[in-house]
Structures are given as C-alpha cells and as structure tokens.
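J.: Input: one structure, supplied below.
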Amino acid sequence: MSEEKLLRTSLYDTHVKYGGKIVPFAGWELPVEYKTGVIAEHMAVRTKAGMFDVSHMGEILCKGPDALKNLNMILTNDYSGMHDGQARYSPMCNEQGGVVDDLIVYKKNDQEYLMVVNAANKDKDFAWVKAHQSGNVEFEDISDTIGQIALQGPLAKGILKKITAEENIPAEYYACTFDRDVAGVKCMISTTGYTGEDGVEIYMPMEDAPKIYEALMAAGKDEGLIPCGLGARDTLRLEAGMPLYGHEMDDTVSPREAGLGIFVKMDKEDFIGKDAIEKIGKPPKRRKIGLKVTGRGIIREHQDVYQDGKKIGVTTSGTHCPYLNHAFAAALVETDKRDPGTKVEVDVRGRMVEAEIVKMPFYKRAD
C-alpha cells in the first residue's frame, strides 16, 4: 500500500529558495524552520516581524439566505449581530459536546461568510457541515484556490503599508477587509493572528502567493522581517496560551474543559452539542491549566501530572518558550486541582519534573 502523496502550497519553491527545512505536516510539505532556527524566528515575531505560509489551512464558504441560521446551529458561538468585515472564533461540537474543530468565521455580508478551519480537519469539517446543513444554504470548499500568508509582529502592519494602502488594513482586532489591492493582487486582509502579537493574515488566489510573499520580504528587508516555520508558530502560540486542535481539544474534550467556555453561548436557542455540554456541568470535572517548570527539564504533551503522588491529569502541550526563556506546558486536570501556585510533578519518561500551576497566557504583549 503506497503512502498518500503529500501536498505542496504554491510557496514550496519559495521555502526552498529561502533555506526552509521541509517536513510532512497535516498532509502537506511545509517548512518547520529556516537556517535562522526556531529561536531566532520566534524572537523576530516578538520583537520585529516574521512571515508564515499558512496556505494549508482550509477555507469553506457558507452562502445563502439561511447562512446565519446554519452557523448558529453548527457552531457554539453566536453569529447574530455581526457587522460586515467582522470575525468571530468558535468551537464546532459534536452531539456529545466534544470539539470537532475550532475555527474562525469572517462575515462578508448577510448571505456570505468565510469559515477558516484547521488543515488536518478540513475534509472532516466539510463533511460535517454538509451533513448538518438545513434550509437554503450552500457550503463550498474553496481551500485549493486560496493562499494564506501570516505576517506577524510589532512591525508587521508597517511593512504591509509599504505595499498596500493603510485603509485596506483593518483597524480593529478580529476584523477583515475584502477585495483590497496588495502589490497588484486582490486580497482579503484579516487581523486574527495565532502568535499573540499584532499582525495580519493575507488571503489571495493560491497562484499569487509567491508574488505577495516576495513583495513583503522586499518591504520588510530593513525591518528585520524573516521567514518563519511551523516550529516557531507552535512555540509562539503556546507562549501566548493559544489552544491547538488535537492537543488542548479534540472530539472527546468539551470547549469548557479546554478553557473556551466564553465561546459557548448557552443562551442561544439551540446548537449541536448544547444538551451534552449542559449535562457536563459548570464547572466541568476537568479543565485546562498552565504549568511553569520549576525543576530541571522540559515537559512535552501526553505526560501524566501528579499532585501529592496522585495522578490529576495529563499535559496537552509543552516546550521551552524562547521569549520568556523558560519551559511551560498546558495540561488537562481535575477541576479542583487548578489553583495558581499549586505544586505538581510531571512524569517525563520516568523522571518526575517539578512544576507549578500558573495563570495563562504565559505571555501577553503590551498594548
């Protein structure tokens, strides 16, 4: 049985040109890092600017008179009252209250919304929304036609202003503009990053991604802009306390357990998973926590967490966070064992590493 052929974004040759180390990820060949290395890429985003190819992400259009009705039934957040150009994050749950995926919806108008989903879940998500659609609505998977570049860091918007008009860039967080000229290409620009920094995501026709990428590299040459890979994307999101599907949540973890209860609107008339989430209760029996390593070592995912010799949970993500210069982790533990300052131990391949429960996010940028 032959292995499934890995996909490439239109930026594959660009990554090779800039020295990207290519690895398999979610069915794609993508750069995990460049010659600069993960730490330098992480620090560039925190202090200057970094650029990521996220064209592997999935894009699903939701169109029709019943678009809003469908979004409100399929997603836990409430999409009523949004203005055109607004974005809203949400978990998407199954009937048992577990998370099918987490995603962002951008509103173009009352009858057209863009759903951006995780790459590894794209086919599953599209099948899910098609199976649960109702009324006059159409879901269309347009992932193969869309390229996406994330430009992140305190200097990101200044760099983008060199190749597009300032009014094309959304002024507020979680917003977007459509059909705007960026280096001669019609693009959508959003402000919904995954690094904890200020920045933008630029959506364009897949074939135009290399042109936009090179235009940004040229514009950011004197601003310290460098290409960044999947490694830095992961350390940045964990340092900023952002969840990752398949780690902090999955089909067996509810949004409240994953610390996403704010995005579950129980006052909505109904949505898939509502009854199950109600039965899970509030607070749930387990919740996401942050851990700061106080002993020697680095905690990774899938490692058991103990308090006074008793297992209380398991880690979901963990790494050394370059900007904070310390090792941190996230974990799913019993709800009554999550007070900040609580001392715990984590079993790291048979060796107990001391840690302390701390508030998340670990890093928060100064406004």
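The values are calculated or read from the model by the stated rules, or taken from the named source; none is laboratory data. Bear in mind that the values here come from a model prediction, so they are computed numbers and not experimental data. Here the Cβ positions follow ideal geometry from the backbone for every residue, glycine too, while neighbour counts run over all protein chains shown. Each accessible area value is taken on the protein alone, full model and side chains, heavy atoms only, with ligands, DNA and RNA left out. Shrake-Rupley method; radii C 1.70, N 1.55, O 1.52, S 1.80 Å.
For every residue, the table says whether it meets (1) under 29 Å from ASP250 (Cβ atoms); (2) under 19 Å from the mean Cα position of the chain (by Cα).
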{"site": "LYS17", "(1), (2)": "no, no"}
{"site": "VAL38", "(1), (2)": "yes, yes"}
{"site": "VAL45", "(1), (2)": "yes, yes"}
{"site": "LEU75", "(1), (2)": "yes, yes"}
{"site": "MET82", "(1), (2)": "yes, no"}
{"site": "CYS93", "(1), (2)": "yes, yes"}
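J.: Residue check: is ASP198 under 13 Å from VAL54 (Cβ atoms), open to solvent by 40 Å² or more (accessible area, probe 1.4 Å) and touching a residue at least 12 places away in the same chain (Cβ under 8 Å)?
T.: no
J.: Now for a different question. How many of the residues making up the stretch 249-286 are closer than 24 Å to ALA329 by Cα, in contact (Cβ under 8 Å) with a residue 40 or more places away in the chain, in a loop (DSSP other than H, G, I, E, B) and open to solvent by less than 60 Å² (accessible area, probe 1.4 Å)?
T.: Number satisfying all stated conditions: 9.
J.: For the stretch 172-193, give me each residue that is more than 14 Å from MET206 (Cα to Cα), in a strand (DSSP E or B), in contact (Cβ under 8 Å) with a residue 24 or more places away in the chain and out of contact with any helix residue (DSSP H, G or I) (no Cβ under 8 Å at 6 or more places or on another chain).
T.: Result: ALA175, CYS176, PHE178, SER190.
J.: Further, regarding this structure: Do you know which of the residues in the stretch 54-73 that are in a strand (DSSP E or B) and closer than 11 Å to GLU112 by Cα is nearest to the chain's Cα centre (by Cα)?
T.: The qualifying residue nearest to the chain's Cα centre (by Cα) is ILE60.
J.: Just to be sure I understand, how many residues within the stretch 320-344 are under 24 Å from ARG256 (Cα atoms) and not basic (Lys, Arg)? Working first, answer last.
T.: Just the residues of the stretch 320-344 that are under 24 Å from ARG256 (Cα atoms), to begin with: 328-344.
Imposing the further condition that a residue be not basic (Lys, Arg) reduces the set to 328-336, 339-342, 344.
Result for the stretch 320-344: 14.
J.: Can you tell which of ASP144, ASP123 is in a helix (DSSP H, G or I) and more than 25 Å from LYS211 (Cβ to Cβ)?
T.: Matching residue, one of ASP144, ASP123: ASP123.
J.: Just to verify a result, which residue in the stretch 22-51, among those that are buried (at least 17 other Cβ atoms within 10 Å of the Cβ) and among the charged types (D, E, K, R), is farthest from LEU225 (Cα to Cα)?
T.: Step by step, filter the stretch 22-51, then rank; the result is GLU29.
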